[in-house]
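Take a look at the structure set out below.
The values are calculated or read from the model by the stated rules, or taken from the named source; none is laboratory data. The structure displayed is predicted, hence computed values, not measured ones. All Cβ positions, even for glycine, are placed from backbone atoms using ideal geometry, and neighbour counts span all protein chains on display.
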Amino acid sequence: MSDNNNGAIKRFWQFLSRPSARWSLLGLLLVGFFGGIIFWGGFNTAMEATNRLEFCIGCHEMRDNVYAEYKDTIHAKNRSGVRAICSDCHVPHEWIPKMIRKIQASNEIWGKLTGYVDTKEKFESHRMELATHEWNRMSANKSQECRNCHSFDTMSADKQKQSNYTRHMKAQKDGKTCIDCHKGIAHHLPKEYKDPDEE
């Protein structure tokens, strides 16, 4: 780095660390406090905007493939009218895991730019890889997104078929989570997928 650049950085740092002759400490604290609130509010508003269904299906790759499959599932239409959208299943609710997931999801921008799955045929050729990534992520967090709505502890033996209830209680006892048994519940399974219970 040249001496000019070093000198400019040093002068800038001195300017930042020097007490203000114009503003009081209280004034600076208030500006910082309200500036922080405005930044934080804007940041969270932007994060929540990326959780909306309209954002998720804003590109044809999602709209024409996984969203088209989802529209006919129980998570989209059911007797109670309660719907789970993309972010309910694919984005954690807690702040730090949500930020980590958002950073991971930014990889999809690269896929969009390179045309990785920009046709139905390309999407199908990568479906097993994409599904496996998501299944592994859900296994690692013990199906947390599913458990935001579904809980073994609140399942009713009276309102479920007895065979389903028995399987759910066995899964709980065996330490299994939703994704261990419910792959393909909202999207088509890859053609290459082999159910381990059927082998």
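May I ask you to say which residue of ARG101, ARG167 is under 19 Å from GLU61 (Cβ atoms), touching a helix residue (DSSP H, G or I) at 6+ places or on another chain (Cβ under 8 Å) and surrounded by 12 or more Cβ atoms within 10 Å (Cβ to Cβ)?
Of the residues listed, the single one that is under 19 Å from GLU61 (Cβ atoms), touching a helix residue (DSSP H, G or I) at 6+ places or on another chain (Cβ under 8 Å) and surrounded by 12 or more Cβ atoms within 10 Å (Cβ to Cβ) is ARG101.
Name the single residue, out of those in the range 155-187 being out of contact with any Ser or Thr (no Cβ under 9 Å at 6 or more places or on another chain) and in contact (Cβ under 8 Å) with a residue 12 or more places away in the chain, that is nearest to LYS71 (Cα to Cα).
If we take residues in the range 155-187 being out of contact with any Ser or Thr (no Cβ under 9 Å at 6 or more places or on another chain) and in contact (Cβ under 8 Å) with a residue 12 or more places away in the chain, then LYS183 is nearest to LYS71 (Cα to Cα).
Just a yes or no: is a residue in the range 114-128 modelled with pLDDT of 95 or more and among the aliphatic types (A, V, I, L, M)?
Yes, that holds for at least one residue.
Can you name the residue in the range 161-199 that is among the polar types (S, T, N, Q) and within 29 Å of the chain's Cα centre (by Cα) and is also nearest to TRP135 (Cα to Cα) among such residues?
The extreme case among them is THR177.
Any idea how many residues of the range 23-44 are of a type in the set (Val, Ile, Thr) and either surrounded by 13 or more Cβ atoms within 10 Å (Cβ to Cβ) or modelled with pLDDT of 95 or more (or both)?
2
Filter the range 86-97 for residues that are over 20 Å from GLY58 (Cβ atoms) and in a loop (DSSP other than H, G, I, E, B) and give the result.
PRO92, HIS93, GLU94
Among the numbered criteria (1) within 30 Å of ARG147 (Cβ to Cβ); (2) without any contact (Cβ under 8 Å) to a residue 12 or more places away in the chain; (3) loosely packed, with under 13 Cβ neighbours inside 10 Å, which one does PHE55 miss?
(3)
ARG83 - would you say it is under 18 Å from VAL66 (Cβ atoms) and either assigned to a helix (DSSP H, G or I) or touching an Asp or Glu at 6+ places or on another chain (Cβ under 9 Å) (or both)?
no
Provide a single number: the residues in the range 170-187 that are closer than 12 Å to ARG127 by Cβ and surrounded by fewer than 16 Cβ atoms within 10 Å (Cβ to Cβ).
Selection size over the range 170-187: 1.
Somewhere in the range 59-81, is a residue buried (at least 17 other Cβ atoms within 10 Å of the Cβ), more than 20 Å from ASN136 (Cα to Cα) and of a type in the set (Gly, Ala, Ser)?
no
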